[in-house]
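Engineer: Okay, here's the structure, questions in a sec.
The values are calculated or read from the model by the stated rules, or taken from the named source; none is laboratory data. Please read all numbers here as calculations on a predicted model, not as lab measurements. As a convention, Cβ positions derive from the backbone with ideal geometry for all residues, glycine included, and neighbour counts pool all protein chains shown. When the accessible area is computed, the model is the full protein with side chains, heavy atoms only, and any ligands, DNA or RNA have been set aside. Shrake-Rupley method; radii C 1.70, N 1.55, O 1.52, S 1.80 Å.
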Amino acid sequence: MPDISLTMVVLLCLAALAAGWIDAVVGGGGLLLLPVLLLGLPAGTPAAHALGTNKAVAIVGTTGAAVTYARRAPVDVRTAVRIGLAALAGSSGGAFFAAGMSTEVLKPVIMVVLLAVAAFVILRPAFGTAPATGPATRRQILAAIGLAGLGIGFYDGLIGPGTGTFLVLALTAVLHLDLVTASATAKIVNCCTNAGALATFAWQGAVLWQLAALMAVFNLVGGTLGARTALKKGSGFVRVVLLTVVFALVANLAYEQWLA
């Protein structure tokens, strides 16, 4: 366990709980969890350790959400696994490049990602509200494997925040799924991207396992509750919450980067 105050440990655990809920409902729990880790870990901690610990926490909550969704939502597990295997390869490759990145590089990148997600959510409020039109074609599945699998998988291993949201958006656009079904499918894919990236970070010794284990318990509870919320109320319920979290994090990261 790194030298962190009890207050900060409590805050990190609460962030893991909230991130698990957000990630399960609409994706993007890393948008909350990774910045909090970057801000909460002791000064001088390599960025790769924040990334690796984030993956160790997130894979637990994502798995819990995926199991909950698979039991109750109409998920094409075969297609999700095929995309997920490509994502595993992509995330493993991205994680190799992440080892040399510094926190000072990551923070501005995360801010841009946050603002891009917020803009898309605001400008396309009706996106993903229509029910699925039918089984995906071979061309659509191949496009999803390339974009959601290899492309977003690589991004997940390299940086990570927003991967769940990007997967939901890509799967909705390419496979013409509704947002709840896309969220369910994204959780299975996200399990694979997290596994690929985590294996690489673990091999590099960039995971704070004791802290990750504690936070993972809270993330699992949040992920399970979030999946149940999404299935009950739909994706529209969390739009305001997501936007509030996004803009709050942008403001916080901007303050830490340029004003603190």
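Engineer: Using the crude model of +1 on Lys and Arg Cβ and -1 on Asp and Glu Cβ, and no other charge, please compute the dipole size for the chain relative to its Cα centre, in debye to 20. Display every interim value, and only then the final one.
Structural biologist: On the way: 14 positive and 7 negative charges, 177 e Å.
Rounded to the nearest 20 debye, it is 860 debye.
Engineer: With unit charges on the beta carbon (Lys/Arg positive, Asp/Glu negative), name the residue among Phe120, Ile141, Thr165 whose Cα is farthest towards the positive pole of the charge dipole of the chain.
Structural biologist: Ranked along the dipole, the leading option is Ile141.
Engineer: How big is the accessible area of Arg228 in square angstrom, nearest 10, if you roll a 1.4 angstrom probe over the protein chains?
Structural biologist: Accessible area of Arg228: about 110 Å².
Engineer: May I ask you to give the percent of accessible area on the chain that is carbon plus sulfur, with a probe radius of 1.4 Å?
Structural biologist: On the chain, the fraction of accessible area on carbon and sulfur atoms equals 69 percent.
Engineer: Could you tell me the largest-minus-smallest coordinate of the C-alpha atoms of the stretch 14-69 on each of the three principal axes, in descending order and whole angstroms?
Structural biologist: 39, 15, 15
Engineer: Restricting to DSSP H runs of at least four residues, report the calculated mean residue ellipticity at 222 nm for the chain, -39500 (n - 2.57) per run over all residues, nearest 500 deg cm²/dmol.
Structural biologist: -25000 deg cm²/dmol
Engineer: Let me ask another. Where Rh denotes the Kirkwood radius from the mean inverse Cα pair distance, what is Rg over Rh for the stretch 1-96?
Structural biologist: 1.03
Engineer: Based on Cβ point charges of +1 for Lys and Arg and -1 for Asp and Glu, what charge dipole magnitude is obtained for the stretch 1-122 about its Cα centre, in debye rounded to the nearest 20?
Structural biologist: On the way: 6 positive and 4 negative charges, 82 e Å.
Dipole of the stretch 1-122, to the nearest 20 debye: 400 debye.
Engineer: Could the peptides 42-50, 10-18, 193-201 be put in order, highest first, of the mean number of other beta-carbon atoms found within 10 Å of their residues?
Structural biologist: Numbers: 42-50: 15.9, 10-18: 19.7, 193-201: 26.0.
The most tightly packed comes first, giving 193-201, 10-18, 42-50.
Engineer: Using only the Cα atoms, what convex hull volume per residue in Å³ does the chain have?
Structural biologist: Given the Cα convex hull of the chain, per-residue volume reads 106 Å³.
Engineer: A follow-up question, please. Starting from the Cα of Lys107, draw a straight line to each of the lysines and keep only those under 27 Å, dropping any in the same chain fewer than 8 residues away.
Structural biologist: Cα-Cα hits under 27 Å: Lys55, Lys187.
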